[in-house]
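Just below is one structure, and these are the notes that go with it.
The values are calculated or read from the model by the stated rules, or taken from the named source; none is laboratory data. For clarity, every value in this text was computed on a predicted model and none was experimentally measured. All Cβ positions, glycine included, derive from the backbone under ideal geometry; neighbour counts span all protein chains shown. To get the accessible areas, we keep the full protein, side chains included, count just its heavy atoms, and leave off ligands, DNA and RNA. Shrake-Rupley method; radii C 1.70, N 1.55, O 1.52, S 1.80 Å.
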Amino acid sequence: MDLTYYGHSCFSVTVNDKKLLFDPFITGNELAKHIDINTIEADYILLSHAHFDHVADVESIAKRTGATIITNYEIAMWFASKGITSYHPMNTGGKRSFDFGTVKCVNAIHSSSFADGSNGGNPMGFIILNDEQNFYYSGDTALTLDMQLIPMFAEIDFAILPIGDNFTMGPDDAVQAAKMVQTKTVIAVHYDTFGYIKTDHQKAVELFKNNELDLKLPAIGETITL
Ligand code: NI
Ligand code: MN
């Protein structure tokens, strides 16, 4: 399964030949200047919450690709009001089958408002169940005991977790999250983009290694195979 990292919390995963793009925030990211968003393909765009650093490039990518947005009800309606016609609203606890696999929405401990002050509903994480590899993207979240539920829903092959601290989990809590989720492989997101979340890569990788976990920090624009 191929995962391409686009910086911050934006990445795409190809699942059963469908491209799933998560939390697109590229044009506003100084570290992702070399990424041309017009080259990014998407069949689906999944949004964990409404903060600008997760949705800034949704409108342009969705309109160009015709991708279906999968997100909570409030965010789906906000994009519908911008003229986007392909969306599927969900909410925490719900699951739904699509042509690539099943999406299960799980709890995230964070906030979710749009930059214009609109209500962005509740923040969520996603489990993507499919016949290749199941994975969990936590979205922006604190470490929470709710993560202990995730192995009940699916055997997780890899997890995408924030490690930047300040706004979300830091590396120590992300290690505990990986243990609760019961996966050995973590792809790090939500670090370095802003001053508050600058992260020591070496230290984070070693911390995971000392806990018998593999932390991957792909370069922005890099595709890794899982
Ligand atoms: Ni956020
Ligand atoms: Mn964020």
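Answer yes or no as to whether LYS33 is more than 25 Å from PHE158 (Cα to Cα), open to solvent by 10 Å² or more (accessible area, probe 1.4 Å), among the basic types (Lys, Arg) and out of contact with any Gly (no Cβ under 8 Å at 6 or more places or on another chain). Yes; evaluated as a whole, the condition is true for this residue.
The set of residues in segment 49-106 being away from ligand 1 (no atom under 16 Å from the Cβ), farther than 30 Å from MET152 by Cβ and of a type in the set (Val, Ile, Thr) consists of ILE61, THR65, ILE84, THR85. Filtering ILE35, ILE26 for residues that are away from ligand 2 (no atom under 16 Å from the Cβ), in contact with a Phe, Trp or Tyr (Cβ under 7 Å, 6 or more places away or on another chain) and not polar (S, T, N, Q) leaves a single hit, ILE35. Checked against (1) surrounded by 15 or more Cβ atoms within 10 Å (Cβ to Cβ); (2) more than 14 Å from the chain's Cα centre (by Cα), GLU41 passes all but a single condition, namely (1). So, in segment 178-222, of the ones that are part of a strand (DSSP E or B) and hydrophobic (A, V, I, L, M, F, W, C), which residue ends up nearest to the chain's Cα centre (by Cα)? Per the criteria, the residue is VAL189. Note on segment 73-86: residues that are open to solvent by 60 Å² or more (accessible area, probe 1.4 Å) and touching an Asp or Glu at 6+ places or on another chain (Cβ under 9 Å) total 1. In the list MET124, MET77, which residue meets the criterion of being at pLDDT 95 or above and out of contact with any Ser or Thr (no Cβ under 6 Å at 6 or more places or on another chain)? Answer to the selection: MET77. Can you give me the number of residues within segment 87-134 that are within 16 Å of ligand 2 (Cβ to nearest atom) and open to solvent by less than 20 Å² (accessible area, probe 1.4 Å)? Looking only at that region, the number is 9.
When segment 135-186 is examined, which residues are found to be within 16 Å of ligand 2 (Cβ to nearest atom), buried (at least 23 other Cβ atoms within 10 Å of the Cβ) and either among the polar types (S, T, N, Q) or under 21 Å from PHE25 (Cα atoms) (or both)? Matches in segment 135-186: TYR137, SER138, GLY139, ASP140, THR141, ILE160, LEU161, PRO162, ILE163, GLY164, THR168, MET169. Scanning segment 187-194 turns up at least one residue that is open to solvent by 10 Å² or more (accessible area, probe 1.4 Å) and on the phi > 0 side of the Ramachandran plot.
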